[in-house]
Amino acid sequence: MEFNEKLQELRKNRGLTQEELAEILYVSRTAISKWESGRGYPNIESLKDISKFFSVSIDDLLSGERLISIAENENKSNIQNICDLLFGIVDIMSILLIILPLYPKRADDLIYSVNLFLYNESCYMIYWTMFISLVAAGIIEIIFNQMKIEKNCNVITNISIIVSIITVLFLIVTRQVYSPIIAFLFLILKGLLILKKNI
């Protein structure tokens, strides 16, 4: 007997509706419907709750192969969520390009390193726009990650990568010394996170 048939039988033996079981397990009714129709499987936590509520072992509910498959999928999903979260944090760290003294400013015959607040050369507004865009992208990525909005998170990730590449190139073209190195390191970190997420 397959998992969906076992779950349906266990639920009916207790005289429960799908809505009632959903409330007991703290999931949606559509999740119960999906599981009972064989269109999906619960995650490990929900399996534990089902096992506990009906007083059956997880092995009785699922075959070993199916359980391993669910665990692998859940593990992959967790790694992807962590990578998305770290990606957002790296973007937020772009604020360092604003507050660290990375930009040259001439005073008398000396050149001082200043942060972006004190830098007032011709293209400083473009710098502000790029860095604020990256920080905003990071905040949005973290919010989408917490709300489990994967499709929009991928769009923001792509925008972030494009803005990061443009930022590195623009900093190099405008002959900045230190800021392109930091921006490039952030870009490499983001590339590594994307690779890890997609493995």
**Q.** Residues of the stretch 6-61 satisfying the condition of being out of contact with any Lys or Arg (no Cβ under 9 Å at 6 or more places or on another chain), more than 27 Å from Lys76 (Cα to Cα) and among the charged types (D, E, K, R)
**A.** Glu9, Arg11, Lys12, Arg14
Q: Kindly check whether there is at least one residue in the stretch 62-75 that is among the aliphatic types (A, V, I, L, M), at pLDDT 85 or above, closer than 21 Å to Arg14 by Cα and outside any helix (DSSP H, G or I).
A: no
Q) Residues of the stretch 168-196 being exposed (fewer than 14 other Cβ atoms within 10 Å of the Cβ) and outside any helix (DSSP H, G or I), which ones? A) Arg175, Val177
Q: Give the residue, chosen from Ile199, Ile165, Ile132, Ile143, that is farther than 23 Å from Ser113 by Cβ, surrounded by fewer than 17 Cβ atoms within 10 Å (Cβ to Cβ) and modelled with pLDDT of 95 or more.
A: Ile165
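Conditions (1) closer than 30 Å to Pro180 by Cβ; (2) buried (at least 16 other Cβ atoms within 10 Å of the Cβ); (3) among the aromatic types (Phe, Trp, Tyr); (4) not assigned by TED's automatic domain parsing to the domain that holds Phe184, marked per residue:
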position: Tyr26; (1), (2), (3), (4): no, no, yes, yes
position: Ile32; (1), (2), (3), (4): no, yes, no, yes
position: Arg39; (1), (2), (3), (4): no, no, no, yes
position: Leu67; (1), (2), (3), (4): no, yes, no, yes
position: Asp84; (1), (2), (3), (4): yes, yes, no, no
position: Gly88; (1), (2), (3), (4): yes, yes, no, no
position: Asp91; (1), (2), (3), (4): yes, yes, no, no
Q: Output the number of the condition that Lys105 fails; it satisfies all remaining conditions of (1) out of contact with any strand residue (DSSP E or B) (no Cβ under 6 Å at 6 or more places or on another chain); (2) of a type in the set (D, E, K, R); (3) part of a strand (DSSP E or B).
A: (1)
Q: With the condition kept exactly as written, say whether any residue in the stretch 75-84 is among the acidic types (Asp, Glu) and farther than 30 Å from Ser133 by Cβ.
A: no
Q. Within the stretch 125-147, is there a residue that is assigned to a helix (DSSP H, G or I), among the small types (Gly, Ala, Ser) and under 23 Å from Arg175 (Cβ atoms)?
A. yes
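The values are calculated or read from the model by the stated rules, or taken from the named source; none is laboratory data. If you're wondering where the values come from, they're calculated on a predicted model, not measured in any experiment. Positions of Cβ are backbone-derived with ideal geometry, glycine not excepted, and every protein chain shown enters the neighbour counts.
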